[in-house]
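What follows is a single structure, written as C-alpha cells, with notes after it.
The values are calculated or read from the model by the stated rules, or taken from the named source; none is laboratory data. Quick caveat, the model's predicted, so the values are computed rather than measured. Please note: Cβ atoms are built from the backbone with ideal geometry, for glycine as well, and neighbour counts cover all protein chains shown.
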Amino acid sequence: MNRRTFIKSATVSGVTLSLLPTLAFQSAEKIIPFNELIGKGNPSLFGSNFKLKKEAHNAFIKMKTDALKSNLNIKIVSSYRSFDDQKRIWERKYKKNLNQGMSPTQSIQNIIQYSTIPGTSRHH
C-alpha cells in the first residue's frame with residue numbers, strides 16, 4: 001500500500017471512528033462542527049502557552065488552582081494543534097525516517113506508534 005492510499009484510508013477510518021461516539025454524546029446545542037473535529041476549523045481558543053476551548057480552559061484553571069492548595073503544580077504539556085500543525089509534524093517525521101533508511105511503510109509504522117495522522121488527532 002502506498003503512503004497516499006494509507007493516509008486516505010486511515011483518515012477516513014479514524015474520522016469515522018472518532019466522529020460516531022462524539023455525535024452520540026453531544027447535545028444539540030453543543031455540537032462541535034466537523035471542521036473543528038479534524039483541525040480545519042477556527043475555534044475560539046484560550047491560554048497563553050497552550051490553546052484550549054473555553055470550557056476546557058476554565059476547567060483547567062480551576063483544577064490548577066485547587067491543586068496548588070495541595071502543593072501540586074500541574075501544567076499543560078500539549079494542547080490544540082491545527083490540521084496544518086499536525087501535518088507539518090507528520091511530514092517532518094516521515095522525511096526524517098526516510099533519510100535514515102526506512103521504507104515508506106516502515107516510516108508510517110514508526111510514526112503511528114506515537115503520532116496520529118492529520119485529521120484524526122485528539123489535539124484538534
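Summary of computed values
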read-out	value
Residue check for residue 86: of a type in the set (S, T, N, Q) and buried (at least 17 other Cβ atoms within 10 Å of the Cβ)	yes
Elements of type helices (runs of 4 or more DSSP H) in the stretch 25-124, at least 1 residues being aromatic (Phe, Trp, Tyr)	34-37, 54-68, 83-99
Any chance residue 42 is surrounded by fewer than 10 Cβ atoms within 10 Å (Cβ to Cβ), among the polar types (S, T, N, Q) and closer than 30 Å to residue 3 by Cα	yes
Tabulated pairs, the stretch 103-122, first more than 16 Å from residue 88 (Cα to Cα), second surrounded by fewer than 15 Cβ atoms within 10 Å (Cβ to Cβ), C-beta under 6 angstrom, 6+ apart or interchain	104/3
Residue under evaluation residue 81, criteria (1) touching a Pro at 6+ places or on another chain (Cβ under 7 Å); (2) at pLDDT below 85, criterion not met	(1)
Residue in the stretch 57-72 that is free of Cβ contacts under 8 Å to residues at least 60 places away in the same chain, β-branched (Val, Ile, Thr) and either surrounded by 15 or more Cβ atoms within 10 Å (Cβ to Cβ) or assigned by TED's automatic domain parsing to the domain that holds residue 7 (or both) present	no
Filtered residues of the stretch 70-89 (kept if under 24 Å from residue 35 (Cα atoms) and of a type in the set (S, T, N, Q))	78, 79, 82, 86
